[in-house]
1. Percent of accessible area on the chain owned by carbon and sulfur, 1.4 Å probe?
2. Sorted by accessible area with a 1.4 angstrom probe, largest first, how do GLU39, GLU203 fall?
3. Go through 215-225, 154-164 and give me the packing order, highest mean Cβ count within 10 Å leading.
4. Can you tell me the 0 to 90 degree angle between the C-alpha axis of helix 263-277 and the longest principal axis of the chain, rounded to 10?
5. If you count, for each residue, the other Cβ atoms within 10 Å and average over each peptide, how do 93-102, 190-199, 227-236, 61-70 line up from highest to lowest?
6. If you average 1/r across every pair of different Cα atoms in the stretch 45-117 and take the reciprocal, what Kirkwood value do you get, in Å?
7. What does the net charge come to around LEU107 if you take all other residues with beta carbon closer than 12 Å to its beta carbon, with K and R at +1 and D and E at -1?
8. Counting every Cα pair in the chain, what percent are over 26 Å apart?
Amino acid sequence: MTNKEIKALISLLDDPEVAPQIQERIQTLGESIIPFLEESWEETLDPQQQQRLEDLIHHLQFEGLQQRLRVWRDSGGENLLEGMWLLNSYQYPDADLQSLNRAIEQLRFEAWTLLQPAMHPADQVQALNHVLFRTHKFAANTQNFHSPANSMLHRVLETRRGNPLTLCVIYLLVAQRLGLPVFGVNLPNLFVLTYRSENRQVEPFYINCYNRGLILSRTDIEHYIAQLNLTPNDMFYEPCSHIDIVRRALRNLQLSFEKLQEPAKAAEVAILLNILTDEAGPTTDGPDEQ
């Protein structure tokens, strides 16, 4: 369709008799029509028409997001930053992946300047802790624990406040770019990281980013599981996949919207979650994951 034809089509949304059919037609055109809908929104002074246009834009963006999430899943979900960006774009469709990439790269560079050859893994972790938790002052968002912003990577990078998962994701992305063997671990109610050295003389240990990178032993994790009265499970100690991480982030976001009494948004996030759960095995995450 030409630009003139698209604008003419959008103008027919004003006619209540044909508006439903026009909406269906517009929805088949995909996200490429969004700039025209936004332009029409700016030109109209009718609140009802603006709401119709907003609903259409959101529908098109949400359909596009679902498709991109399926592509990311089917590719194996290797790129964790992309997966978190996709979640981010639910609330912030204009969020820029390259801006996120630059922010992580800057943190990586600052940590790299502190690392030395043959440094012990615990000292490597302390170097990352210094950059993230002392220099940049990343910390737990205890004042607004259930805010949706805690699940939005670009907001956490801006505010330096997040939940256990997003703080771990930032730490993990930086560590991976430095070539450190750091992975996510799906603990119930608390997401942590694990350092798995190829040197068998170095025991695997855990990193609690919600407590400024506190190092934990396997015994500490066992005590934590015992306090929750849960049966020990290998997945509480072993690395999880990037798809597991984004799935858990979506559960956190769904919970945030439920806490804020926004059922429509919670339902849409559930749809996104189903895309990553379709072919997944059973999980042991609880309702209050973080």
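The values are calculated or read from the model by the stated rules, or taken from the named source; none is laboratory data. Just so it is clear, the structure is predicted and the values come from calculations on it, not from any experiment. No Cβ is skipped: glycine too gets one built from the backbone with ideal geometry, and neighbour counts run over all protein chains shown. When the accessible area is computed, the model is the full protein with side chains, heavy atoms only, and any ligands, DNA or RNA have been set aside. Shrake-Rupley method; radii C 1.70, N 1.55, O 1.52, S 1.80 Å.
1. Details: 7350 of 14840 Å².
Looking at the chain in its full context, I get 50 percent from C and S.
2. Numbers: GLU39 65, GLU203 135 Å².
Ranking GLU39, GLU203 by accessible area, largest first, yields GLU203, GLU39.
3. Values: 215-225: 14.8, 154-164: 20.4.
Order by mean packing, descending: 154-164, 215-225.
4. Between helix and principal axis, roughly 60 degrees.
5. On the way: 93-102: 13.5, 190-199: 18.1, 227-236: 11.7, 61-70: 16.1.
In decreasing order of mean packing, 93-102, 190-199, 227-236, 61-70 become 190-199, 61-70, 93-102, 227-236.
6. Numbers: mean 1/r = 0.0676 Å⁻¹.
The answer is 14.8 Å.
7. On the way: positive: ARG102, ARG108, ARG160, ARG177; negative: GLU105, GLU110.
So the environment of LEU107 carries a net charge of +2.
8. 50
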